[in-house]
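*Asks:* Got a structure here, written out as structure tokens. Questions coming.
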Amino acid sequence: MSSRVLLHVGTPKTGTSYLQDVLFQNRSRLLKQGVSYPAERFDEHFLAALDLMRLRWGGLEREAVGAWDRLAERVREHDGTSIISHEILATASRTQVQRALASLGHEPGGTGGTEVHLIVSVRDLVRQIPAEWQENVKHRATFSYAQFLERIRDPERDNRVGAWFWGVQEIPDILARWGATIPPERVHIVTVPRPGGPREELWQRFSTAFDLHDLDLELGTERANPSLGVPESALLRRINKAATRDLPPVHYRPLVRELLAHQTLSKRTRSPRLSLPPSEYPWISEVTESWIDELTQRGYDVVGDLADLRGDAPAGEQWADPDKPAERQVAQASLEAIRALLVEAADRQAEADRLRVKLEEARRELIRARTPRLMRTMEWTVQQLETSGPGRRALGVYRKARGRSSLSA
């Protein structure tokens, strides 16, 4: 059984894609150094989280059946340190948390069993709120930014959007659910640095929380979850309204989320950035201060500074409304999206043509393999005769004598 489990349960949009890709790409190196990141595929921990919480996710929930128990078994089989990481675990209920911790060998109070450390990475709500709306749009949502803000401000939180948002973003509640039976010194909060800080600072904080400082790791990665600007977000929402009814999730993810959003529109970095409306800052600031006070009193280990949760007040004159974008900018983004889809369609057609040629070649080879030797010899003779004038004349005389015109005669 693992002597120690580092359990990272969120939150979304805090560098988790980069962290998980570094862990996945280095799993062999980690294992040689006594650390297990159990995953045969990059989304294995995501599937395990879906299974643990019985979440519906575009049909992937069927593929996820049994994934948590398999992951937990691999953790128990490792004699050393194991790491589990996925941000949607943040929304697990207390019952699901209890099941997860028990399956990892945790005993309440931390007096025996596996030494479980809880890690939660957090970022200020000023950046998290627009990022969460955009993630909804990248997952087929059609509601406006204004509607999103209204739903998360609903104190009852009885709508799906608001319930999910606070389930993965309300830091004190996440820590209360996951850390209820874990000693506070084993609960670690990693704060995302404020804007403008060194690029490597967040990884250094993750390294501290996960005790990866002295390990030989390759930190280069191509995986990311890039952000979109205002016109690009608006365009994606319009695409959702126009096309998602006709586009099943199995096709939406590669074509819209990956090709258009991540690979094409995210490269338009000169367009206005999505941000929090200035009118929303006062209540966000009030919520943040209450969180900082509560987390300070609980005595958790903080890697970084809780003051990082105080997001910068948005500048009113620079704010761009994604519900009323500049149409010229949307049109420019649309042209790039169309170009990307045309190139993708051409590439797919070229691949289909290539496969069609290979299939035809295979069909001909199969026919030849089934053709008797005498017939193959006759075909070869005819082909040779067709290459010269005398040969063609001889074939003409032969066919006329047979009263046939078929080349196979």
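The values are calculated or read from the model by the stated rules, or taken from the named source; none is laboratory data. Since this is a predicted model, take the numbers as computed values, not measurements. Backbone-built Cβ (ideal geometry, glycine too); neighbour counts: all protein chains shown. Each accessible area value is taken on the protein alone, full model and side chains, heavy atoms only, with ligands, DNA and RNA left out. Shrake-Rupley method; radii C 1.70, N 1.55, O 1.52, S 1.80 Å.
*Asks:* Could you please put Lys32, Lys267 in sequence from largest to smallest accessible area, using a 1.4 Å probe? Don't jump to the answer; show the numbers that get you there.
*Replies:* On the way: Lys32 180, Lys267 150 Å².
Result, largest first: Lys32, Lys267.
*Asks:* I'd like the distance between the alpha-carbon centres of region 25-95 and region 282-331, rounded to an integer number of Å.
*Replies:* 30
*Asks:* Using only alpha carbon pairs under 8 Å that are at least six residues apart, calculate the relative contact order of the chain and give it in whole percent.
*Replies:* The normalised contact order for the chain reaches 19 percent.
*Asks:* Ignoring any ligand, DNA or RNA, what whole percent of the accessible area of region 263-409 comes from carbon and sulfur when the probe is 1.4 angstrom?
*Replies:* Details: 5760 of 10440 Å².
Of all accessible area on region 263-409, carbon and sulfur atoms account for 55 percent.
*Asks:* Same structure, new question: With every protein chain left in place, what is the accessible area of Asp79 in Å² (1.4 Å probe, nearest 10)?
*Replies:* 130
*Asks:* Continuing with this model, one more query. Say R0 is 45 Å: what FRET efficiency, to the nearest 0.05, do Arg54 and Arg376 get from their beta-carbon distance?
*Replies:* So the FRET efficiency works out to roughly 0.15.
*Asks:* Charges at C-beta only: +1 for Lys and Arg, -1 for Asp and Glu. How large is the resulting dipole of the chain about its Cα centre, in Debye rounded to 20?
*Replies:* 3600
*Asks:* Leaving ligands and nucleic acids out of the surface, order Ser17, Ser290 by accessible area at 1.4 Å, largest first.
*Replies:* Largest to smallest exposure gives the sequence Ser290, Ser17.
*Asks:* Write down the accessible area per residue of the chain in Å², having rolled a 1.4 Å probe over the full set of protein chains.
*Replies:* Values: 21610 Å² over 409 residues.
On a per-residue basis, 53 Å².
*Asks:* Hey, what angle do you get for helix 281-298 against the long axis of the chain, alpha-carbon based, 0 to 90 degrees rounded to 10?
*Replies:* The angle comes out at about 70 degrees.
*Asks:* Quote the accessible area belonging to Asp216 in square angstrom, nearest 10, computed with a 1.4 Å probe and with ligands, DNA and RNA left uncounted.
*Replies:* 100
*Asks:* Do me a favour and compute the ellipsoid semi-axes for region 275-379 from its Cα gyration tensor, root of five times each eigenvalue, largest one first, whole Å. Each step should come with its number before you reach the end.
*Replies:* Working: eigenvalues 885, 132, 13 Å².
Largest first, region 275-379 gives 67, 26, 8 Å.
*Asks:* Now a separate question. Roll a 1.4 angstrom probe over the protein heavy atoms and tell me the percent of accessible area of region 1-141 that is carbon or sulfur.
*Replies:* So the carbon and sulfur contribution to the accessible surface is 48 percent.
*Asks:* While we're looking at this one, here's another question. Using modelled backbone amide H atoms (1.01 Å from N, in-plane), which distant-in-sequence or interchain residues come within less than 5 Å of His188's amide H?
*Replies:* For His188, the qualifying residues are Leu118, Ile119, Val120.
*Asks:* Ok, one more. State, to one decimal in nm, how far the label point of Lys358 lies from the label point of Arg270, with both points 7 Å from Cα in the Cβ direction.
*Replies:* In this crude spin-label approximation the distance works out to 4.1 nm.
*Asks:* Using a Förster radius of 60 Å, what is the FRET efficiency between Leu395 and Leu31 based on their Cβ-Cβ separation? Nearest 0.05, please.
*Replies:* 0.30
*Asks:* While we're looking at this one, here's another question. Heavy atoms of the protein only, probe of 1.4 Å, neighbouring chains included. What is the accessible area of Glu280 in Å², nearest 10?
*Replies:* Spelled out: Glu280, probe radius 1.4 Å, area about 20 Å².
*Asks:* Within 9 Å, Cβ to Cβ, of Pro172, how many net charges do the neighbouring residues add up to if Lys/Arg are +1 and Asp/Glu are -1?
*Replies:* -2
*Asks:* Calculate, in nm to one decimal, what Ala350 and Leu385 gain on full extension: separation in residues at 0.36 nm each, minus their alpha carbon distance.
*Replies:* Value of the extension gain: 9.0 nm.
*Asks:* Next question. In angstroms, what radius of gyration and Dmax does region 1-157 have, counting Cα atoms only?
*Replies:* 16.8, 50
*Asks:* Compute the angle between helix 327-370 and the longest alpha-carbon principal axis of the chain, please, reported from 0 to 90 degrees and rounded to the nearest 10.
*Replies:* Value to nearest ten degrees: 40.
*Asks:* Helix 160-169: angle to the longest alpha-carbon principal axis of the chain, degrees 0 to 90, nearest 10?
*Replies:* Tilt relative to the chain: about 70 degrees.
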